[in-house]
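I have placed the structure first, in the form of structure tokens, so that the comments after it can refer back to it.
The values are calculated or read from the model by the stated rules, or taken from the named source; none is laboratory data. Remember, predicted model here, so these are calculated numbers, not experimental data. Here the Cβ positions follow ideal geometry from the backbone for every residue, glycine too, while neighbour counts run over all protein chains shown. These accessible areas exclude ligands, DNA and RNA; they are computed on the full protein's heavy atoms, side chains included. Shrake-Rupley method; radii C 1.70, N 1.55, O 1.52, S 1.80 Å.
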Amino acid sequence: MVSKLKKAFVCNECGSDYPKWQGQCTDCNAWNTLTEIKLSSVSGKITRHQGFSGSSDSSINLLKDVQLEEVPRIRSGTSELDLVLGGGFVPGSCVLLGGEPGAGKSTMLLQTLCFMAKSHEALYVTGEESSQQVAMRAKRLELPTDQVQIMTETSVENICNVATEKKPKVLVIDSIQVVHLDDITSAPGSVSQVRESAAMLVRFAKQTNTILILVGHVTKDGTLAGPKVLEHMIDCSLMLEGRTDGQFRTLRGIKNRFGAVNELGVFAMTERGLKAVSNPSAIFLQRNEDLSSGSLVVVIWEGTRPMLVELQALVDESHIGNPRRVTVGLDHNRLSMLVAVLHRHGNILVGDQDIFINVVGGVKIMDTSADMALILSIISSFRDKPMPRNLVVFGEVGLSGEIRPVSNGQERLREAVKHGFTQAIIPSANIPKKPIQGLKVIGVKKISEALQALF
Ligand code: TYD
Ligand code: MG
């Protein structure tokens, strides 16, 4: 069969496509990001040969008349994964699991599949590892492998054909970067291959009500699969993060059509595979006996629960004209903003200092409740004055130096007390109505008040 080939140009950054090449993407304004891809008419080919029936109903209904069915969730066997998914997998949904090589994506999916295979037909397609490697890993992890079907294949057409025949309920593709469509000439992993392969697999999953899980590697600059072209096709995008030399991994939902995206799942990588950490609030707190300056514990809020993490700041006189601002686990721009606030409203000038910020344990802080703690730890390091060991801090800092309240203040304080903290500096609007036993709470309205209370 001679397939009809059409061309298009796709932006690697945002996934917009154009009929002609141009230097700048008019959607996201990135330069030189358009790559030529070849579109194929492969959908017709499979449907004709294999006839998996797609029910496309083009009649118009009133929204209120649409029949609602209770979607049953299929459990993944891991409480933390279910949490991030919003209660488990939805039949017919497409999930993209992203992460750096070595993060533990294959391990997580193998464990999940072995559990799910007990009650549902499951097929693991591996293009990166051989069947033996996967089997060896499963054996080492002592997983129940009797029901899991495995296939080493990289051709999307073949995968769809086999899946049409076997009708798995769960289909894992490890990974989307190694599979390819025969009609497209560019190399596996290129924008066109990734986009068209994913489109075909997603179409297959939707038409057959299969749960499709795609593994996607993250590129050096942290984007999924190079192009972000995948994200609009799939229902749920998860990111497995953490230092690969460390023990803990976090799983974050970036997009979820069936649940909230703010949940954070925490796992520990052990020699028996990934284990869910069901009470993760203080796992990242391992502080030395003698406390140095610049270290401070902040209570952040992740999804539906509080988490205690240690912030470390190192402020040191800069010997270069342009002082360095380095952050690990925190937004770089936020630091610049807070340094400016510190200057204007705390009268402390650190403009000629190198500032290094580290969030211990490879956690990434997304919420702004760490602002006040960040400022205090910078000053603590700048003046070389350690802060009390039993102190926790949270609160957002505004541009005029005001301390803004954060959500769930009470729960954050309670969690701190549970882990032995006895002092807290928090926004005054967050002061609990009833005092919490064993905790001295100092409420502040301005950054200057926080400085007064401590230094
Ligand atoms: P893997 O799942 O292969 O990562 P990915 O598919 O995301 O590239 O995990 C690889 C890492 O996990 C590897 O560095 C070794 C580690 N690991 C363990 O520590 N314990 C285990 O039981 C397994 C299976 C892997
Ligand atoms: Mg892998």
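Overview of values
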quantity	calculated
Overall form of region 311-455 per C-alpha gyration tensor (a/c, 1.5; a/b vs b/c)	prolate
Region 283-346: trypsin sites (Lys or Arg not before Pro) in DSSP coil with no more than 13 other Cβ atoms inside 10 Å	Arg287, Arg324
Two-site label geometry, Val71 and Arg344: point separation in nm, points 7 Å out along Cα→Cβ	4.5
Rounded to 5, percent antiparallel among DSSP beta bridges of the chain	55
Lysine-lysine proximity count for region 145-290, Cα under 17 Å, sequence distance 8 or more or distinct chains	5
Extreme residue, positive dipole direction of region 73-278, given options Gly216, Ser278, Ser237 (C-beta unit charges)	Ser278
Global form of region 138-180, assessed from the alpha-carbon gyration tensor, a/c cut-off 1.5	oblate
Contour minus Cα-Cα distance for Gln132 and Ser336 (0.36 nm per residue)	68.4 nm
Virtual spin-label span in nm between Gln437 and Ile320, 7 Å along Cα→Cβ	5.5
Probe 1.4 Å - accessible area at His343, Å² to nearest ten	80
For Ile442, residues with placed amide H under 5 Å, excluding near neighbours	Ala424, Ile425, Ile426
Gain on full stretching of the segment that runs from Arg140 to Ser59 - 0.36 nm per residue minus C-alpha separation	23.9 nm
Relative contact order of the chain, defined on C-alpha pairs under 8 angstrom at six or more residues apart (%)	12
Beta bridge orientation in region 283-454: antiparallel %, DSSP, nearest 5	55
Whether region 73-278 is rounded, prolate or oblate, judged on the alpha carbon gyration tensor where a/c under 1.5 counts as rounded	rounded
Mean separation of Cα contacts under 8 Å, 6 or more apart, over the residue count of region 160-271: relative contact order %	19
The chain pair-distance distribution - Cα-Cα, 10 Å bins, rounded %	4, 18, 24, 22, 17, 11, 4, 0
Pair Glu449, Ser400: separation of 7 Å Cα→Cβ label points (nm)	1.5
Those residues of region 341-362 whose amide nitrogen sits under 11 Å from the label point placed on Ala268, 7 Å along Cα→Cβ	none
Cysteines (scope the chain) whose Cβ has no counterpart Cys Cβ under 4.7 Å	Cys94, Cys114, Cys160, Cys236
Sequence-separation-based contact order of region 126-198, relative, with Cα cut under 8 Å and 6+ spacing, percent	31
